[in-house]
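This report refers to the structure that appears directly beneath it.
The values are calculated or read from the model by the stated rules, or taken from the named source; none is laboratory data. Quick caveat, the model's predicted, so the values are computed rather than measured. Positions of Cβ are generated from backbone atoms using ideal geometry, with glycine treated the same way; all protein chains shown enter the neighbour counts.
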Amino acid sequence: MVADEEFIEMVGQPIRELERELALNYNLEQVVADLVDNCIDAGAENVWVIYNEEEYNNHSSFFVAVIDDGRGIPDDKISSVMDFGAPREYDELELGKFGVGMKSSSLSQAREVTLLSKTKGSSINLRRLSSEVVKEKDAWTLIPKLRDHMHTEAISIAKRELAELESGSALVLEDMHKLKHRIGEGERDSYLNDEYGHIRDYLGLVFERYIEGTNLKRENGSEEFRQVNLFFNGKAEAHKIEKLDPFLREMEDGSVTGTLSKLMEMKQDDGKKIHPVELKIWITPSHEDRGQSYDDRMDRAARFSGISELQGLYVYRNDRLIDFPGWKKILKHDPHMTCLRWEMHFPPSLDHIFQLDPSKREIQLPRTLLEKMKKISRTQYRWHTDDDKPLNHRKRARIRQGSKDRPKTITPPAPPTGVPSTPGSSTGSGGSGGTSPKTDEWSAQALTKVRIKKLEGSITGQLFVSERTDGDALQITLNTKHGLYKDFIDLMKRE
């Protein structure tokens, strides 16, 4: 320490800081995803998202509540959880990182943020971060008891739901200052349905691996299984959020029109250790084969940015999608590459290398990886047995987008001698000798098999997703979520 060194205390400005937090640029679905992160880290098996209207402080307002059946928060820890950046150790498999994301993202949408929680054998405890109180006190202050006007419908719902659980937590956002301007006073039902769709499909996309169930890998090579059920505005099966796979892995079936992929292993040196970074190039089926309902869900997840904008790099940390889409300077946007999407995974130990920020919404590619990925983008591969020559990913994607991926023509066997080549014609001259089998009976031999492929689509999607020929087979893709799927399969078995 320098002799006679002076320290000048910096004076905070809580009210100004609060206004800054309220103005942060998060979308509501990103905020909800931040809250779901905490639920997963708490060991929740089920998470319920409730989005509705209520009367708050004598005016109509929206609220969002995220409730889980996780471990809950002990009474002596609940205040620190609501504090900005309170120190704590994070496990490498946790989705949380800085201890500020939940508070900042919540305040970006709501002036009033209430955390309610209980552990096994305990009663419900709460802390509230209230803009009303912060402005009164001109200090960052939590309150452990609600004022009379704070006993709202949203709080009642959270308490009622938690009372039915052995343990769990609920985070309630109220007095949502941005949502009322976004929805407006016009076609409220239409706007609300759009907002509901953004949240459902964004969560289905971001937590796709967790909805399906995933094995997370630690640095020491051990694995832990994680799976969670997400529900929106209800607890029934119909309210369950469906996974949304940006790469359509289920359609990687070996057919010429199915999903194509190439896996590359890259490495990143952090100065102490060399870490593997997995990169996979995906070329999805064309629009006709993907189906309109799938494209609609992807578009809603990206807040109607357009299906062409969904090409690019999808970045995952602990199997949670954190950054998408866009090319991060690897390539330029090309409307002819809608089918092209890259998948990259990096471990939490490289957070500082990828410059992950507290919002967990964006990363920066280190220069070494950026150059490797640019080189990969120029490399040519044979993507399918029907490819005549090696192609780089851009040319391959343009072929796919142009719907030019079709099986090679199979020449039907020639009819036996004496069988006419034209339907309805007769053997011999002068039309005598009777009729013969039609040519199309012989052409039908080009298709000798029918394959049924299952696709876990949407309950509102069509039963028949696609139909295409693949070699000597007719492949039909069925939506297993459709209400008539089981009846159709049972009927086919009986036939």
Can you give me the number of residues within the range 114-142 that are of a type outside the set (Lys, Arg) and under 16 Å from residue 14 (Cα atoms)?
12
So residue 236 fits all but one of (1) farther than 21 Å from residue 94 by Cβ; (2) surrounded by 17 or more Cβ atoms within 10 Å (Cβ to Cβ); what number is the exception?
(2)
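Every residue, every condition in (1) out of contact with any Ser or Thr (no Cβ under 7 Å at 6 or more places or on another chain); (2) touching a residue at least 24 places away in the same chain (Cβ under 8 Å); (3) in a strand (DSSP E or B), yes or no:
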{"site": "117", "(1), (2), (3)": "no, yes, yes"}
{"site": "123", "(1), (2), (3)": "yes, no, no"}
{"site": "136", "(1), (2), (3)": "yes, no, no"}
{"site": "166", "(1), (2), (3)": "yes, yes, no"}
{"site": "173", "(1), (2), (3)": "no, yes, yes"}
Of the residues 163, 158, 154, 139, which single one is of a type outside the set (Phe, Trp, Tyr), in contact with an Asp or Glu (Cβ under 8 Å, 6 or more places away or on another chain) and in the same structural domain as residue 24 (by TED's automatic domain parsing)?
154
Do you know which of the residues in the range 283-297 that are of a type in the set (S, T, N, Q) and either touching a Cys at 6+ places or on another chain (Cβ under 9 Å) or in contact (Cβ under 8 Å) with a residue 40 or more places away in the chain (or both) is farthest from residue 202 (Cα to Cα)?
286
Looking only at the range 277-294, and only at residues there that are modelled with pLDDT under 90 and touching a strand residue (DSSP E or B) at 6+ places or on another chain (Cβ under 6 Å), the one that is nearest to residue 383 (Cα to Cα):
289
Within the range 213-226, work out how many residues are loosely packed, with under 13 Cβ neighbours inside 10 Å and either in a strand (DSSP E or B) or at pLDDT 95 or above (or both).
5
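Yes or no, residue by residue, for (1) crowded, with 21+ Cβ neighbours inside 10 Å; (2) touching a residue at least 60 places away in the same chain (Cβ under 8 Å); (3) in a loop (DSSP other than H, G, I, E, B):
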residue: 336; (1), (2), (3): no, yes, no
residue: 341; (1), (2), (3): yes, yes, no
residue: 355; (1), (2), (3): no, no, yes
residue: 362; (1), (2), (3): no, no, yes
residue: 370; (1), (2), (3): no, no, no
residue: 373; (1), (2), (3): yes, yes, no
residue: 376; (1), (2), (3): no, yes, no
residue: 389; (1), (2), (3): no, no, yes
Of 493, 486, 404, 454, which residue is assigned to a loop (DSSP other than H, G, I, E, B) and modelled with pLDDT of 70 or more?
404
Condition (residue is among the aliphatic types (A, V, I, L, M), under 22 Å from residue 105 (Cβ atoms), at pLDDT below 95 and assigned to a loop (DSSP other than H, G, I, E, B)) applied to the range 191-210: is it met by at least one residue?
no
Condition first: among the aromatic types (Phe, Trp, Tyr) and at pLDDT 95 or above. Can you find one or more residues in the range 20-41 that meet it?
no
List every residue pair whose Cβ atoms sit under 9 Å apart, with the two residues 6 or more apart in sequence or on different chains, where the first one lies in the range 213-231 and is among the small types (Gly, Ala, Ser) and the second, anywhere, is outside any loop (DSSP other than H, G, I, E, B).
213/225; 213/226
Of all residues making up the range 190-212, the number that are within 13 Å of residue 296 (Cα to Cα) and either touching a Phe, Trp or Tyr at 6+ places or on another chain (Cβ under 6 Å) or of a type in the set (Val, Ile, Thr) (or both)
1
Is it the case that residue 23 is under 14 Å from residue 105 (Cα atoms), exposed (fewer than 13 other Cβ atoms within 10 Å of the Cβ) and in contact (Cβ under 8 Å) with a residue 12 or more places away in the chain?
yes
Residue tally, condition over 17 Å from residue 317 (Cα atoms) and loosely packed, with under 12 Cβ neighbours inside 10 Å, over the range 251-268:
2
Within the range 269-319, of all residues that are assigned to a loop (DSSP other than H, G, I, E, B) and of a type in the set (A, V, I, L, M, F, W, C), the one surrounded by the most Cβ atoms within 10 Å (Cβ to Cβ) is 302
